[in-house]
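Here's the structure we're looking at; comments come further down.
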Amino acid sequence: MSVDRADFGAFFAAVRGGQQPFRWQERLLDHLLTTGRWPDQLVAPTGAGKTSVIDVHVFAVALMAASHPVRVPRRLALVVDRRALVDDQHAHATAIADLLATARGGRTVLARVAAALDSLRTGQVDPTASPLTVALLRGGAPPSRSWLDEPAGAAVLCATPDMWGSRLLLAGYGSRAQARPREAGLLAFDTVAVVDEAHLSRQLVTTARRVAELAAVADEPLGVPVLQVVETTATPHADAGVAVGVEADDLAVDAPLRQRLTSPKPVTLVPVPAWPIPKTGPAFKAGVAALADEAARLREAVRLRESVRLRDTHGGTVGCFVNSVAVAAAVAAELRARGLTVELICGRLRPYDVDRLRPPASNLLSLGGDPTVDVLVSTQSLEVGVDLDLAAAVTELAPGGALAQRAGRVNRLGLRPVTEISVLVPAGELPDAAQSGPYQRDDLAAALTWLAGRAADPAGLAPWALRDPRPPAPALRRDLLQRLELAQAWQLARTSDDLAAAAQDDLDLWLSDDLDAPDHEFGIVVRRALPADAADAVRLIEALPPRPHEVFPVSIRLATEICKRLNPGSVLVRPGEPAPRPLTEDERIRPGDELVIDDKNELFTSKVVDPDGTDRVDDVLDAVDDPKPGQVVLRIESNTAAHRRLLDAVAATIVDQDAPETPGAAELDPMEVAQLLRVHRDELTPRPMAVAAAALLDRPDTERAGAEVIPHWQESDDGKPQLARLIVVDLRKATDDDELRQTWTPRRRRVSLRQHAEAVADRAETVGDRLGMAPELVAVLRLAGLHHDDGKSDKRFQMWLNADLAEPLAKSGVRDARIIRRLRQKSGLPTGWRHEQLSVVRAWPTLSNQDDASRELIARLVGTSHGHGRHGFPHTAGQLVGDTDATAVDLFDEGRWDELIERTHRRWGVWGCAYLEALLRAADGQVSAEGS
């Protein structure tokens, strides 16, 4: 079975509920298949279906896998500065991935696409996993990392500009320093980035295209497509290259598209004395009341003019778009006080709360709508891309582009014969110092002038009517756009140096359109009853790190204000640091940080993070009804009588009541714990997690590395140990951790160094072949894989692995982190010692039969095989192996290693070297995850 171009309509319908592609979407696919390149511009008004780039990408990659002659990028990065749209795109990509995962083995078009995508992958095919990798990269959420492990496979990355751009520049927010070269390399090659609302991210587009230029001009090409960058726009720019999108003739053929783009959306201007709405005082209340009045009027008008059938089919919800979280919360409260059913959505909600409004829980955030909701109140979070079909809307004045996007959520399918859009505007002149939320006066003034013309046109804010005159573009908040130079790229490439952390502070120069107020994010996580003891709290969060569904994304500009209001005892989780730690008073919050706070903190308004809030919210760590692999987490604490009975029953299986010693985790029998969970499961909360945890633990010993049981003990009143807390953690995704994979496998078995090295060499060769790289580079990857762990033969490292065999080990089979730490301390290895540094020393003489360029590249890949050594290592030759080793002295005392790094950068480029490192590390990660 194969896939061909004629299958696109059937594939599109299969992932879109029967909908056929529009002509412009067919043209986009044909352009890609003809040229191998995405267009520079994607011209599609709001409502035209831009999210279909995911469908086009997946199908084009499947065609390539099925021997279509044109090479297309394997990875698609969708980049947009709206959290809600990032999540919406991620949901659509995940839905496609799930459909492909369940379609294997049949003859349907989905089954054939899945088989084609499976053929690209180099890791073992998991029949339960999707052949399409989907990743989420946005502030305030733990970043996805699985996309790094399958560089030959198809992937969709959904990201905000700062999270994607920082990774491209080798300084990813929320990433460990050792992961940054992998991320940058894979984003700079075999990837297309589609930047939505590109007029809001002009510096990012400039930087991304500059990186593509630098990657393409290396002395030695890799034979893999460099990064392609696509701008989406409602109208084409003559100077921006090749454009593909909606054309006037399409409207005569695609009736649904014509209905979407041309149905009138008349505009009414509502003058309000109290606008812009201030932050406090009577004028604030007056502005909130004006918004609530108009929303209530529109809701009543919808009720009177629309049939019950139309409301039941598409909902009759009115949208209320505002410019700040404070106004949104106040308007929602006012409307509820008037007896209306209201939902509030803004960027500071956690995914768990937003998911309540998505299918299957609700249809509110879908084209189906929810007839039980009267008003949906939102900030700019829902402006772009989210498939809402509101009956009408009221909005505060905002920049022209924002108003066009807000209007795009109204009568989105064009099925309503009548709709209304009201815009609150100042009753008189716009004040000189006017600012509303994130919007500046000059943008608001331009929008007000433009809006007067739209109000006079019966078409109003219909998408097709906005082509001319276009909504005014926002003013650039910087003097000029910055061009990334080669010397700066070399500086960013020093990811192992202390300078790498400082480089993150300068990224706004290359990523942000507004240097005065760049809006990065950190995350807040609420947990119930954090232990008062700081060490115990840290230990708990180390065992149960934040999960994506429970993280509130928060602007870093609010960090200082929020930290001042926190109760003592919060825990900071910072990517790149070995463990969580207590939050200190003088801590500077960085992008990507996560704060775990106690559920007694009053920091919320209507479940929205609010520095002035007085509400609390619940812990939702284990509130997942159908946990997937990696999501099972069960906490049994002595907060109920039933939980206390279970803890005592577990303790009774291992505690000698006459001995005062505290038992360790190794003394727990997972099978006994599983049996006790089954016995007590009807008493435990949440029950779905208890059932899932029991099933995970109740496995044969060879498979039981899928879970870990962690006991937390405390001293009872009589001085004996008492089990205070029991945690079951799902480890089925633990192999995503690059550091952890260095010393253990998921199958509790030892792996010899020779076996592991040969497996990595074979896999690295397969990866290079699958990517179509030149034989010379494939040979380099193979040799680097063969030697990447040579340094593990050091006797001290073998002691760390608890090796007692004649043959050196690569993996120990020990999985308990505490035991691993104890063995590390006993080994005598100096702090910061890296086996890769010694691997270079051991491998260098054996590579003397290679030409100089290949020898240096192989050595570089060996030395950087875990992200270190860029540019240096912390130890001298004497500390590494002794001063008598001439090779070590030459490499690490006399400067050859630094010269080698610079020469490889010149020959293969900064991003080319990072890409090759990513391929080797992916090969290593794959075989480690498979148990070799």
If LEU919 satisfies every condition in (1) within 38 Å of the chain's Cα centre (by Cα); (2) surrounded by fewer than 23 Cβ atoms within 10 Å (Cβ to Cβ) but one, which is the exception? (2)
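Looking at the stretch 332-341 only, could you name the residues that are touching a strand residue (DSSP E or B) at 6+ places or on another chain (Cβ under 7 Å) and either charged (D, E, K, R) or open to solvent by less than 10 Å² (accessible area, probe 1.4 Å) (or both)?
Selection gives ALA332, LEU335, ARG336.
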Sort out which residues of the stretch 312-327 are open to solvent by less than 40 Å² (accessible area, probe 1.4 Å) and either modelled with pLDDT under 70 or of a type in the set (Gly, Ala, Ser) (or both), and write them in order of number. HIS314, GLY315, GLY316, GLY319, SER324
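Here is a check on your reading of the model: is ALA93 within 26 Å of the chain's Cα centre (by Cα), of a type in the set (Gly, Ala, Ser) and closer than 30 Å to ASN323 by Cα?
Here the answer is yes, as ALA93 does meet what is asked.
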Scan the stretch 679-696 and give yes if some residue there is at pLDDT below 70, open to solvent by 10 Å² or more (accessible area, probe 1.4 Å) and under 34 Å from the mean Cα position of the chain (by Cα), otherwise no. no
Exception for GLN405 within (1) under 30 Å from LEU304 (Cβ atoms); (2) at pLDDT 90 or above; (3) crowded, with 17+ Cβ neighbours inside 10 Å falls at (2)
Counted residues, the stretch 332-382 - those being charged (D, E, K, R), out of contact with any Asp or Glu (no Cβ under 8 Å at 6 or more places or on another chain) and touching a residue at least 60 places away in the same chain (Cβ under 8 Å): 4
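From the list GLY185, GLY153, which one is closer than 29 Å to GLY523 by Cα and of a type outside the set (Phe, Trp, Tyr)?
Working: GLY153 fails: closer than 29 Å to GLY523 by Cα.
Only one candidate passes the filter, namely GLY185.
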Only residues that are part of a helix (DSSP H, G or I) and either of a type in the set (Ser, Thr, Tyr) or open to solvent by less than 50 Å² (accessible area, probe 1.4 Å) (or both): list them for the stretch 780-793, please. VAL780, LEU781, LEU783, ALA784, GLY785, HIS787, ASP790, GLY791, LYS792, SER793
Any pair with Cβ under 7 angstrom, 6 or more apart, that starts in the stretch 161-186 at a residue that is within 18 Å of ARG83 (Cα to Cα) and in a helix (DSSP H, G or I) and ends at one that is among the β-branched types (Val, Ile, Thr) and at pLDDT 90 or above: PRO161/VAL79; TRP164/VAL79; GLY165/THR207
For the stretch 818-886, give me every one of the helices (runs of 4 or more DSSP H) that falls completely inside it and has 1 or more residues that are modelled with pLDDT of 90 or more and open to solvent by 10 Å² or more (accessible area, probe 1.4 Å). 835-843, 852-863
Return a yes/no flag: does the stretch 498-509 have any residue that is assigned to a loop (DSSP other than H, G, I, E, B), open to solvent by 40 Å² or more (accessible area, probe 1.4 Å) and either at pLDDT 85 or above or touching a helix residue (DSSP H, G or I) at 6+ places or on another chain (Cβ under 6 Å) (or both). no
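Residues of the stretch 121-140 being part of a loop (DSSP other than H, G, I, E, B) and open to solvent by 10 Å² or more (accessible area, probe 1.4 Å), which ones? Quick ask: steps written out before the conclusion?
Kept after step one, since they are part of a loop (DSSP other than H, G, I, E, B), are these residues of the stretch 121-140: 121-131, 138-140.
Residues satisfying the conditions are ARG121, THR122, GLY123, GLN124, VAL125, ASP126, PRO127, THR128, ALA129, SER130.
Which residues, taken from the stretch 327-362, are of a type in the set (A, V, I, L, M, F, W, C) and touching a Lys or Arg at 6+ places or on another chain (Cβ under 6 Å)? Even if it seems obvious, please write down each step before you answer.
Residues of the stretch 327-362 of a type in the set (A, V, I, L, M, F, W, C): 327-333, 335, 337, 340, 342, 344-346, 349, 354, 357, 361.
Scanning the stretch 327-362 gives a single hit, VAL342.
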Out of contact with any helix residue (DSSP H, G or I) (no Cβ under 9 Å at 6 or more places or on another chain), without any contact (Cβ under 8 Å) to a residue 60 or more places away in the chain and not aromatic (Phe, Trp, Tyr): is that true of PRO271 in this structure? no
So which of GLU585, GLU602 ends up being assigned to a loop (DSSP other than H, G, I, E, B), among the acidic types (Asp, Glu) and in contact with an Asp or Glu (Cβ under 8 Å, 6 or more places away or on another chain)? GLU602
Name the single residue that is farthest from TRP275 (Cα to Cα) among those in the stretch 425-437 being of a type outside the set (S, T, N, Q) and not in a loop (DSSP other than H, G, I, E, B). VAL425
I'm told GLU739 meets every condition in (1) crowded, with 19+ Cβ neighbours inside 10 Å; (2) modelled with pLDDT under 70 except one. Can you identify the failing condition by its number? (1)
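Which residue, of GLY172, GLY165, is modelled with pLDDT under 95, open to solvent by less than 10 Å² (accessible area, probe 1.4 Å) and farther than 22 Å from PRO221 by Cα? Break it down stepwise before answering.
Working: GLY165 fails: modelled with pLDDT under 95.
Of the residues listed, the single one that is modelled with pLDDT under 95, open to solvent by less than 10 Å² (accessible area, probe 1.4 Å) and farther than 22 Å from PRO221 by Cα is GLY172.
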Index of the failed condition, ALA240 passing every other in (1) assigned to a loop (DSSP other than H, G, I, E, B); (2) of a type in the set (Gly, Ala, Ser); (3) without any contact (Cβ under 8 Å) to a residue 40 or more places away in the chain: (3)
Taking the stretch 355-378 on its own, how many of its residues are crowded, with 23+ Cβ neighbours inside 10 Å and under 22 Å from THR160 (Cβ atoms)? 2
May I ask you to say which residue of THR653, THR702, THR662 is modelled with pLDDT of 75 or more and of a type in the set (Ser, Thr, Tyr)? THR653
Considering each of LEU476, LEU484 in turn, give the residue that is out of contact with any Cys (no Cβ under 7 Å at 6 or more places or on another chain), open to solvent by less than 20 Å² (accessible area, probe 1.4 Å) and at negative phi. LEU484
In this structure, does ALA543 turn out to be more than 21 Å from the chain's Cα centre (by Cα), crowded, with 19+ Cβ neighbours inside 10 Å and of a type in the set (Gly, Ala, Ser)? no
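In the stretch 438-460, what count of residues is obtained for those that are part of a helix (DSSP H, G or I) and open to solvent by 50 Å² or more (accessible area, probe 1.4 Å)?
Qualifying residue count, the stretch 438-460: 5.
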Restrict the check to the stretch 379-393 and report whether at least one residue is part of a helix (DSSP H, G or I) and either among the charged types (D, E, K, R) or in contact with a Pro (Cβ under 7 Å, 6 or more places away or on another chain) (or both). no
Tally of residues being under 16 Å from ARG557 (Cα atoms) and open to solvent by 40 Å² or more (accessible area, probe 1.4 Å) across the stretch 588-625: 3
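Taking the stated definitions as given, is ASP804 among the charged types (D, E, K, R) and either out of contact with any Leu (no Cβ under 8 Å at 6 or more places or on another chain) or modelled with pLDDT under 85 (or both)? So that I can check it myself, show each step before the final result.
Numbers: among the charged types (D, E, K, R): yes; either out of contact with any Leu (no Cβ under 8 Å at 6 or more places or on another chain) or modelled with pLDDT under 85 (or both): yes.
Yes.
The values are calculated or read from the model by the stated rules, or taken from the named source; none is laboratory data. Since this is a predicted model, take the numbers as computed values, not measurements. Here the Cβ is made from the backbone with ideal geometry for all residues, glycine too, and neighbour counts use every protein chain on show. Just the protein is used for accessible areas: all its heavy atoms, side chains included, with ligands, DNA and RNA removed. Shrake-Rupley method; radii C 1.70, N 1.55, O 1.52, S 1.80 Å.
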